[in-house]
Amino acid sequence: MAVVTTDYVRSNIHPLDLVEETMALRDWALDRPARDELLAEVTGRWCDYHIVFHWTDDLGALQLTCAFDMRTPPERRPSVHELLALLNDRLGIGHFDIGSVDGLPAYRHALLLRGGALSAEQIEDLLDIALHEMDRFYPAFQFVVWGDRSPVDAMATVIFETVGEA
């Protein structure tokens, strides 16, 4: 795949135009409800994920939110917050949170691009990392929210170290 680099500072190309073009190559359902917002729905390993890209011009920030439709009941939120602390400790890029109103778990990350350029490769990396982390930790959310497991037990089921060789 050819690298497409867009310097949004010196061009008239909006950063979400490049995001839209890059995501269209994956043949995902896209919607652009506003100039600074792009929505997509993709099929992950466990369920469908809802992706939102938002451009904040005054900060030069491209924000990515990737959520799965798993509403967290209010009584399970303290356990989910504990799980978030355990999950986020394992992430090198981005973080998980839950919405305070709807209780939807989401992976979030932002790129600060003011004065810089955005490339299709950066977008691909953002998407690949987000989907990987969503697939990786979805079962832990399921165990805590619906399986009534402790966050520590849920993490133990999705994170394990292999010992020796097969």
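Please compute the net charge surrounding F96, taking Lys and Arg as +1 and Asp and Glu as -1 over other residues with Cβ under 14 Å from its Cβ.
-1
Using +1 on the beta carbon of Lys and Arg, -1 on that of Asp and Glu, and nothing else charged, what's the dipole of region 39-166 about the Cα centre, debye to 20?
On the way: 9 positive and 20 negative charges, 58 e Å.
It comes to approximately 280 debye.
Can you give the angle from 0 to 90° between the axis of helix 120-145 and the longest principal axis of the chain, with both taken from C-alpha atoms, to the nearest 10?
It works out to around 20 degrees.
Around L59, what is the net charge, scoring Lys/Arg as +1 and Asp/Glu as -1 over all other residues with Cβ under 12 Å from its Cβ? All intermediate terms of the calculation are to be shown ahead of the outcome.
On the way: positive: R114; negative: D36, D57, D58.
Net of charged neighbours comes to -2.
Apply the a/c threshold of 1.5 to the C-alpha gyration tensor of region 87-166 and tell me whether it is rounded, prolate or oblate. Don't skip to the end; give the middle numbers.
On the way: a/c = 2.91, a/b = 1.44, b/c = 2.01.
Because a/c hits 1.5 or more and a/b fails to exceed b/c, region 87-166 counts as oblate.
Enter the angle in degrees (range 0 to 90, nearest 10) between the Cα long axis of helix 15-24 and the first principal axis of the Cα atoms of the chain, meaning the one along which they spread out most.
Computed tilt is about 70 degrees.
Hey, of [x] 31, 18, 14; [y] 36, 19, 13; [z] 27, 18, 16, which did the structure itself give for semi-axes √(5λ) of the Cα gyration tensor in Å when calculated?
[x]
Values in this text are rule-based calculations from the coordinates and carry no lab data. Keep in mind it's a predicted model, so treat the numbers as computed, not measured. Methodologically, a virtual Cβ is constructed for each residue, glycine included, from the backbone with ideal geometry; neighbour enumeration extends over all protein chains shown.
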